[in-house]
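Working notes, beginning with the structure itself.
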Number of protein chains: 2
Amino acid sequence: MPPSDTFRLSGEPAPPLPRHCTSCLSYERGACGVLTPDQLRRLAATALRRRFPPGSQILPPTRAEDLCASLVSGVAKLSCHLEGGRQQIVALATAPSIVAAPFADRDDTRAVAATEVDVCLLRRSTLEDLARENHALEHELHESSLADLRDARELLVTLGRKSARERVAWFLLFMRQRHCRTEEPAPEGSVIELPLSRGDIADFLGLTIETVSRQFSQLKNEGAITVPDGRRFSVRDLRQLEAAAGRA
Amino acid sequence: MPPSDTFRLSGEPAPPLPRHCTSCLSYERGACGVLTPDQLRRLAATALRRRFPPGSQILPPTRAEDLCASLVSGVAKLSCHLEGGRQQIVALATAPSIVAAPFADRDDTRAVAATEVDVCLLRRSTLEDLARENHALEHELHESSLADLRDARELLVTLGRKSARERVAWFLLFMRQRHCRTEEPAPEGSVIELPLSRGDIADFLGLTIETVSRQFSQLKNEGAITVPDGRRFSVRDLRQLEAAAGRA
DNA sequence: CGGGTTCTTGATTTGTTTCAATCGATGTGG
DNA sequence: CCACATCGATTGAAACAAATCAAGAACCCG
């Protein structure tokens, strides 16, 4: 069944798709792309486009019960919190991806903007309804969960069994691979933006700021990377960096 | 659309459901339960029931491309491997759950029996076909992936930010919660079987055998737990154990 | 230019690993 | 039935990697 409008006479003009949607990554290659025009309009009707500065919490907890956020641009950190101010970032989200996904039990994970972030706030119940009536949407969300699961498990190995040096090197390779919306890793030598501060990197890798900083310095001194400033780096010697990451 | 056989005359007797299936947890409350009798028969037609002793690898790598395993009984460990013999267990699987799930990109995760394990080997392509034609099945698999994701992220916090003591205490509470197929945690004082050796626990928690052992001893000496033997424990003082786990 | 924040670097401490030895259970063969 | 080997678990001592504590240096923004 190809996407089509239901119960509309052929002569009758369809309301146009929201302008936001047609240029959105979630439409181009995410969940919204598999919706029928009608369904997309239905979803967009209650959607709310919002911009968040770095550090601000997406999805205020007060309304979190029935909201989820489709990430449109920027990078969001999903973090879990422990007593004593300890925190662990469990995932980095980039477009297209949906934060606080449908059907997931509500947990205590917070979503905070790492960079400036644009999101499309959606009613989770609407998305769940759509997923129930549109198999392709459910499949899309399913695939996305599986990708998140793979990412989480890779991070798990990193946190459980790698040294500080390996973690930081792994992180840099990770950043290189998804430096932006493209699929190809950045070529050797090109400058890559870091969406995270040293503190965030530490919270992602299960280390302290100081240890992360030291490993940056060491990799820099060994000639594996270049660090123009705190928020940028480039891979100078890929072999060396991969060796440091303990690729296995 | 209620589950029903397709293209069968009402007078014609349907072939019976496989006997294995009707008493299987995957049928009772897992993925198989949402299949139509017809679909279930189709899936069962190429399914292969097998038993694995502890330590043996489920899904031999040679045929791993198009096989997945529905766990029927026992506990399986999913592990990732690094150079130097390091390994990290990224999940513990119990029935009903499907290992090497449909639609997941093939990764280097291995599934090894922790206890004696019964599985139902299935063609992944068959399961994927069924998921494409049966929305309820896809939803079931989706929910299951989301549960796995939640588990992975909880472990992530444990590995990234908790001390050895907290990890072991967390693990014991984790075991208590899913000591068996029931939903309720084991009551205080009851004996709980450990499906994992000290070495496995270490590989799950990102620690060494010695450290795990030491934390067991310490919790035992403090009166939080009782340890009749290496493969059993009981919670003597739940408050104390929870405090040690740093619940937050 | 000043004040705050983030990052870097150094010195010291601490928790966990590593190395090594012992213990306990289980099983085997003389 | 009792040495004896084996394997997992425990315990101790030493080494080490990362955390913590403590200054500085670089950077940003008003």
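The values are calculated or read from the model by the stated rules, or taken from the named source; none is laboratory data. All values derive from a computational prediction rather than experimental measurement. Cβ atoms come from the backbone with ideal geometry, glycine included; neighbour counts cover every protein chain shown. Keep in mind that these areas ignore ligands, DNA and RNA; they rest on the heavy atoms of the full protein, side chains included. Shrake-Rupley method; radii C 1.70, N 1.55, O 1.52, S 1.80 Å.
Within the range A:19-157, the percentage of alpha carbon pairs spaced more than 23 angstrom apart rounds to 30%.
For the pair the range B:80-119 / the range A:90-133, the C-alpha centres are spaced 27 Å from each other. Just checking the listed ones, A:A91, A:A147, A:A113: in the Gaussian network model of chain A with Cα springs under 10 Å, the one fluctuating most is A:A147.
Distance between the C-alpha centres of the range B:150-212 and the range B:37-63: 28 Å, rounded to the whole angstrom. Each helix, a run of at least 4 DSSP H residues, gives -39500 (n - 2.57); summed and divided by the residues of chain A, these come to -12000 deg cm²/dmol at 222 nm.
Using a Gaussian network model of chain B in which every pair of alpha carbons under 10 angstrom is joined by a spring, one finds that among B:G160, B:G85, B:G55 the greatest mean-square fluctuation is at B:G85.
Helix A:124-133: angle to the longest alpha-carbon principal axis of chain A, degrees 0 to 90, nearest 10? So the inclination is approximately 70 degrees. Here A:G223 yields copy-to-copy label distances, from shortest upward, of 6.3 nm, the label point defined as 7 Å from Cα along Cα to C-beta. Label-point spacing at B:A147 relative to the other copies reads 2.5 nm, in ascending order, each point sitting 7 Å out from Cα along Cα→Cβ.
Residues of the range B:99-134 buried by at least 40 Å² of accessible area upon assembly of all protein chains, compared with the chain on its own (1.4 Å probe): B:F103.
Each principal axis of chain A carries a Cα extent, and these read 69, 41, 32 Å when sorted largest first. Counting only C-alpha contacts under 8 Å and six or more residues apart, can you give the relative contact order of chain A as a whole percent? Relative contact order comes out at 17 percent.
Label-point distances for B:R165 to the equivalent site in the other copies, using a point 7 angstrom along Cα→C-beta, read 3.1 nm when ranked shortest first. A simple spin-label model places the labels of B:A14 and A:S213 6.8 nm from each other, with each point 7 Å out along Cα-to-Cβ.
The angle between the Cα long axis of helix B:209-221 and the longest principal axis of the Cα atoms of chain B comes to about 70 degrees, rounded to the nearest 10.
A Gaussian network model of chain B, with springs between Cα atoms under 10 Å, assigns the largest mean-square fluctuation among B:P37, B:P15, B:P53 to B:P15. Of the solvent-accessible surface of the protein assembly as shown, computed with a 1.4 Å probe and all protein chains present, 51% belongs to carbon and sulfur. Using bins of 10 Å that start at zero, the share of Cα-Cα pairs per bin across the range B:175-248 amounts to 19, 53, 28, 0, in whole %. In the context of the full set of protein chains, chain A has a per residue accessible area of 47 Å² (1.4 Å probe).
Dividing the radius of gyration of the alpha carbons in the protein assembly as shown by their Kirkwood radius gives 0.98 for Rg/Rh. Helix A:135-161: angle to the longest alpha-carbon principal axis of chain A, degrees 0 to 90, nearest 10? On a 0 to 90 degree scale, this one is about 10. Take the accessible area of chain B alone and of chain A alone, subtract that of the pair, and you get about 4100 Å² summed over both chains, using a 1.4 Å probe.
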